[in-house]
1. Looking at 97, 51, can you tell me which residue is modelled with pLDDT under 95 and either out of contact with any Pro (no Cβ under 9 Å at 6 or more places or on another chain) or closer than 20 Å to residue 171 by Cβ (or both)?
2. Checking the conditions here, which among 136, 187 is of a type outside the set (Lys, Arg), crowded, with 21+ Cβ neighbours inside 10 Å and closer than 15 Å to residue 52 by Cα?
3. Mind listing just one residue for me: the one in the range 137-196 that is assigned to a helix (DSSP H, G or I) and charged (D, E, K, R) and, of those, nearest to residue 109 (Cα to Cα)?
4. Can you tell me which residue is surrounded by the most Cβ atoms within 10 Å (Cβ to Cβ) among those in the range 105-130 that are without any contact (Cβ under 8 Å) to a residue 24 or more places away in the chain and in a loop (DSSP other than H, G, I, E, B)?
5. Which count do you get for residues in the range 169-196 that are of a type outside the set (Lys, Arg) and within 19 Å of residue 100 (Cα to Cα)?
Amino acid sequence: MRSLKTTFLNQHEGDLANTDRREWLVRAGSFSLMAALGFVSQEASAKTLELGKPAPALVLRTLDGHSIATRDLIGNVVVVAFWATWCEPCCEELPILSAYAKQKADAGLKVLGFSIDTPDELPKVKKMAQDLSFPVGLLGSAYAGDYGRIWTLPVSFVIDRKGLLAHNGWNDESHIGMTESKLKAMVDPLLDSTQR
């Protein structure tokens with residue numbers, strides 16, 4: 001896994017180097033300040049999401065013009081991942097998710113990547129997406145319906161084969177995104193489920 005991450009980061013090193021570090025720090029600081037001052041409401045982190053209850057519906061409008069609805073993926077295990085090109089932890093998480101998605105596709109895993117980048121950053125999103133094994137689309141805003149306002153990145157949610165929420169990313173206190181060990185611990189048991 002380490003080599004995949006390194007390869008991905010090396011391929012996009014120019015993009016990350018060209019990205020103004022100050023811009024990244026301003027964005028991250030703004031999110032943190034908003035949360036600290038209470039401008040991020042409870043709805044922003046979707047406190048109403050409940051494990052074992054139906055996951056909120058979400059539709060990914062892919063970069064190639066298709067629409068993929070989470071409701072249409074019942075029978076599969078779905079990882080819904082929110083990320084951005086300017087988010088360094090996201091750049092570390094994406095190749096891990098991609099390798100895992102490719103490895104587990106035949107077992108019924110679907111990963112949907114929602115970029116919160118703005119439309120003017122579409123070329124950067126497309127460049128990063130070309131190396132991923134799962135579909136990607138622009139969210140269009142930082143608000144993701146019943147998942148709430150995406151105010152921290154990366155953040156992911158897992159939906160089981162029955163369409164029930166199995167992992168609420170807002171409750172992940174590590175804030176490091178998905179790792180190979182997290183995916184194996186969290187998603188492998190759902191994939192091993194015989195109810196397909």
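1. Going through 97, 51 in turn, the sole match is 51.
2. From the options 136, 187, the qualifying one is 187.
3. 188
4. 118
5. 17
The values are calculated or read from the model by the stated rules, or taken from the named source; none is laboratory data. A quick note: this is a predicted structure, and the numbers were derived from the prediction, not measured. Glycine gets a Cβ as well: all are built from the backbone with ideal geometry, and neighbour counts include every protein chain shown.
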